[in-house]
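For reference, the structure discussed in these notes is given below.
The values are calculated or read from the model by the stated rules, or taken from the named source; none is laboratory data. Just so you know, these numbers come straight off a predicted model, no measurement behind them. Note that we place each Cβ from the backbone using ideal geometry, even for glycine, and neighbour counts take in every protein chain shown. Note: accessible area is taken over every heavy atom of the protein model, side chains too, but ligands, DNA and RNA are not part of it. Shrake-Rupley method; radii C 1.70, N 1.55, O 1.52, S 1.80 Å.
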Amino acid sequence: MKSAVIVFPGSNCDRDMAVALERVSGKKPHMAFHKDTDLPEVDVIAVPGGFSYGDYLRCGAMAAHSPIMRVVKERAARGVRVMGICNGFQILTEAGLLPGALIRNKTLKYICKTVDLRVESTNSAFTGKYGAGQIIRIPVGHGEGNFVADAATLDRLEGEGRVAFRYVTAAGAVDAEGNPNGASRNIAGIFNETRTVLGMMPHPERAFDPLHGNTDGRAFFDSLLETLS
Amino acid sequence: MTSKRWNEPAVTEALAAEHGIKADEYKRLLEIVGRTPTFTELGIYSVMWSEHCSYKSSKIWLRKFPTEAPWVICGPGENAGVIDIGDGQAAIFKMESHNHPSYIEPFQGAATGVGGILRDVFTMGARPVANLNALRFGEPSHPKTRSLVAGVVAGIGHYGNCVGVPTVGGETNFHKAYNGNCLVNAMTVGVAQQDKIFYSKAAGVGNPVVYVGSKTGRDGIHGATMSSAEFTEDSEAKRPTVQVGDPFTEKLLIEACLELMATDAIQSIQDMGAAGLTSSSVEMAGKGGLGIELHLEKVPQRELNMTPYEIMLSESQERMLIILKPGSEDLARSIMEKWELDFAVIGHLTDTGRFVLKMDGETYCDLALAPLFDAAPLYTRPTEPTPAPAALEPELRALKQSAGAVLTRLIACPDLASKRWIWEQYDSQVGADTRFLSGQADAAVVRVHGTQKGLALSSDVTPRYCHADPYRGGMQAVAESYRNISAVGATPLAITDNMNFGNPEKPRIMGQFAACVEGMAEACRVLDYPVVSGNVSLYNETNGEGILPTPTVGGVGLLADGMKAVGLALRNAGDVLLLLGETAGHLGQSLYLREILGREDGPTPPVDLALERRTAELVRALIADGLVSASHDVSDGGLAVALAEMAMAGGIGADLPVLADADAGTLFGEDQARYVLAVPADKAAEVGARAAAAGVPVSKLGTVGGDALTGLPGGAIPVAALRGANEGWLPSYMAGTAH
């Protein structure tokens, strides 16, 4: 599995993502700078977390218009897998690769904690190694993770099985208690129409190593490896 | 002089006084300069001779700290301290206050405090890997406290989260002595290669002086002078002297500087912190025994018509000053431009020993540089000892209520209540190397990236102990740091200190400072735990009321294997709970006394440094040998609180039959040098034997299990009830539904 990680000014989870990708694939990811206008051939592109362009204007808005994103869009159109984590999810929605938007958390506060997620679809290169409906624990860290879209879009996402993860309580209930940011219908991650592009607010690369005390994110990367190598 | 673009006001003694220069200091200044200084020169002298930059009241005392050990690479005097952590790597760290700005403008004050301490660390070549914050606020019922907590926490999060450095630990206390002066002490720890450490001593006559980072504006002018005076009612009018931070630029600056440092372009480098371009250029040239000439029209500016005075005194954030090696300008410029940062050659080093500032060809400052750097007044201020507190009456030890009722109240008091509301607003996970946050273990533990090693980090001081007995309180602060680092299994290596005190011109306050330093120094010596960096914040007074003496200790320790670090959470039913150390039942200055009996008196607990060392060495050895499943030192609130914290963290109870008849002294006394360990039942005998062999008192407290603390006087206390009380206070307080 060959991979690339995009580095915007202000990205800060680029290294963590690269470590996880390298550990699972044995290959060093290509680190692409925002000004780059080309990418080597890769199987998966990661748009990492952080504060691209300082979150100025709107989270992800400026990054979505950077030169490298033109390349990312071309590759996505060709079916190359693209994943956006946290700020990367915000960028992918701003770039039009995913529907909806991420707005300020309902609490109006940044939130960093480990949350319970339910795996809503195992039918993708990102989630194949999870069990359907499995509850996993993955950290979040964001101030703008509240996923919104109009009702028709939400219905479509649900109807087409394009919800990847939902926030739940430890007991698996989809309710306000289990929802850290107020996201519509507790949605934590979604796919595009072809399930080749994924955006999610939680950070699987932060639940990867035994040091993290939780390795529930490992299957995310193992899924990619299994599909893409 | 009259043809200059900037007609500067004539300097008089009165104008000097407005700059915080006292009459005798002005006389000294005139003697040194040999003429009346220009306005710009006066501004420069005022910041260089401010308490904040010159340490004029504290310097003679700070020399008492032990600063050396075989593992110390660089002690105090540089931007941060440097210690050897093996494999050719170094940990670089410092703690610094941003108290005055945070009280005036909490969000930006705290944010720029984080930004400033980060720069102190990465300017030496280290990638910052962890932040900690020690916060002290006024009493919760004070009308300003809630908004200060909200603003400071939001500011720290705003900056730390964006720069991508995890905030992993700290402490938050409340006391009425901080009503008019909150304390915001920020600590950054970074990791560097030992052969790539950068210092601030300039060298090479003719070498270019380069400015990188953000543009200079009018913000923060006279911040250093403001921080060197007491507050009065009108201090909030000083809001314009608080700087505004941009963590995005800081993140770019970190990446650009580390990229430039990987080349061979830099001769020396320093961040522009307090007193901005003035202190950075004077200190760099001063350390090198050189002169420096700057051309101020070349300084990148974001406001129009800035005067030389304003450019030199601005404390705009995210700026660095670099002396480049000859011929490196193009390389350095290309790296800064890649990161979209300003880059300007603004001057060069000279052999004249003069500090020369020109703008558009006109000279605004021409001073001998050495006196600015090393001839600031030094004061041996009068000290008055703190009277020894009276002993408490022994009958206080009787427990008048059930242990559960007391314990539930204690763990919900502002100082002991869970600070989850705070730390969940900080990104503690970025970097993917965080093992423990400070609430999960006695010290935060962060893996050294790309290795198995772990850095253990802690921030400690008990201001009420320092107030009652500054010498003992100073010792206790260092001892508690040593204990917290050891409790996770790490070897304590060195500390940074952040000395927060009131007005040093008052003998009582200066006496507190002197005695705290002597107590700390003694503990550092006995524990082989030297001071490698630090910061002094004086004049923390409002309308004549000083804060509690607060010498915050930031400790750093090392684990060969970060995965062997032990947290405080009880994990396994059946584990045996052991108490190491001696329990005399010392209630003086305890939280029990303050929170339950409403008294703040009695002596500070005695500190036996030899016992501290012996016990900590034993704990580290037991953890290294894999004999310990949970470990927690006994501190604020005493033994019962320590046990409750271990139970709450693990979500499991314990049966404690030996405490069935315990009195308040045993349950809530704050005797030092104690740890509670949970050990597997089949290892308890071995641990007991090793404690006996090490000369450390050990006793069995009980067994882990169930969902309550049982065996305490007055009946079982469900862990869930403890958690509810502990987690409830701060969110309710911040929501305005509790006081």
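Details
- Taking each residue of segment A:100-114 that is surrounded by fewer than 16 Cβ atoms within 10 Å (Cβ to Cβ) and looking for partners that are of a type in the set (A, V, I, L, M) with beta-carbon atoms closer than 8 Å, six or more apart or interchain, yields A:Lys113/A:Val140.
- The set of residues in segment B:22-68 being in contact (Cβ under 8 Å) with a residue 12 or more places away in the chain, open to solvent by 10 Å² or more (accessible area, probe 1.4 Å), more than 17 Å from B:Ser280 (Cβ to Cβ) and of a type in the set (A, V, I, L, M, F, W, C) consists of B:Ile32, B:Val33, B:Phe39, B:Ile60, B:Trp61, B:Leu62, B:Phe65.
- Test: residue in segment B:124-145 that is of a type in the set (Lys, Arg) and free of Cβ contacts under 8 Å to residues at least 60 places away in the same chain: yes
- Candidates in segment B:444-471 are the residues that are part of a loop (DSSP other than H, G, I, E, B) and under 26 Å from B:Arg594 (Cα atoms); of these, the one that is most open to solvent (accessible area, probe 1.4 Å) is B:Asp469.
- Condition met for B:Lys59 (over 30 Å from B:Gly554 (Cα atoms) and modelled with pLDDT under 95): no
- Screening B:Asp427 with (1) more than 23 Å from A:His142 (Cα to Cα); (2) touching a strand residue (DSSP E or B) at 6+ places or on another chain (Cβ under 7 Å); (3) open to solvent by less than 20 Å² (accessible area, probe 1.4 Å) gives one miss only, at (1).
- Qualifying position, being of a type in the set (Val, Ile, Thr) and farther than 23 Å from B:Leu260 by Cα, among B:Val189, B:Val163, B:Val205, B:Val152: B:Val152
- Subset of segment B:301-342 [away from chain A (no Cβ under 14 Å), touching a residue at least 60 places away in the same chain (Cβ under 8 Å), more than 21 Å from B:Gly220 (Cα to Cα) and part of a helix (DSSP H, G or I)]: B:Glu329, B:Leu331, B:Ala332
- B:Gln270 vs. criteria under 26 Å from the mean Cα position of the chain (by Cα) and not hydroxyl-bearing (Ser, Thr, Tyr): yes
- Any hit, segment B:587-599, residues being surrounded by fewer than 20 Cβ atoms within 10 Å (Cβ to Cβ), in contact (Cβ under 8 Å) with a residue 24 or more places away in the chain, out of contact with any strand residue (DSSP E or B) (no Cβ under 8 Å at 6 or more places or on another chain) and not in a helix (DSSP H, G or I): yes
- For the criterion of being in contact (Cβ under 8 Å) with a residue 24 or more places away in the chain, within 14 Å of another protein chain (Cβ to nearest Cβ) and surrounded by fewer than 23 Cβ atoms within 10 Å (Cβ to Cβ), B:Ala150 passes.
- Counting only residues that are out of contact with any Ser or Thr (no Cβ under 6 Å at 6 or more places or on another chain) and either under 23 Å from B:Met336 (Cα atoms) or crowded, with 20+ Cβ neighbours inside 10 Å (or both), segment B:202-217 holds 11 of them.
- Within segment A:15-28, at least one residue is more than 23 Å from B:Ala256 (Cα to Cα), within 14 Å of chain B (Cβ to nearest Cβ) and crowded, with 21+ Cβ neighbours inside 10 Å.
- Residue that is nearest to the chain's Cα centre (by Cα), among those in segment B:84-109 that are surrounded by fewer than 24 Cβ atoms within 10 Å (Cβ to Cβ) and assigned to a strand (DSSP E or B): B:Asp84
- Subset of segment B:664-712 (residues that are on the phi > 0 side of the Ramachandran plot, more than 32 Å from the chain's Cα centre (by Cα), buried (at least 16 other Cβ atoms within 10 Å of the Cβ) and in a loop (DSSP other than H, G, I, E, B)): B:Gly705, B:Gly706, B:Gly711
- Leading residue by the ranking (farthest from the chain's Cα centre (by Cα)) among those in segment B:526-567 that are of a type outside the set (Gly, Ala, Ser), within 14 Å of another protein chain (Cβ to nearest Cβ) and buried (at least 21 other Cβ atoms within 10 Å of the Cβ): B:Val566
- Matching option when the condition is closer than 21 Å to B:Tyr364 by Cβ and outside any helix (DSSP H, G or I), among B:Pro66, B:Pro9: B:Pro9
- So A:Cys59, is it within 14 Å of another protein chain (Cβ to nearest Cβ) and closer than 24 Å to B:His449 by Cα: no
- Index of the failed condition, A:Ala64 passing every other in (1) open to solvent by 10 Å² or more (accessible area, probe 1.4 Å); (2) assigned to a helix (DSSP H, G or I): (1)
- Residues of segment A:167-215 that are more than 14 Å from chain B (Cβ to nearest Cβ), in a helix (DSSP H, G or I) and touching a Phe, Trp or Tyr at 6+ places or on another chain (Cβ under 9 Å): A:Gly178, A:Ser184, A:Arg185, A:Asn186.
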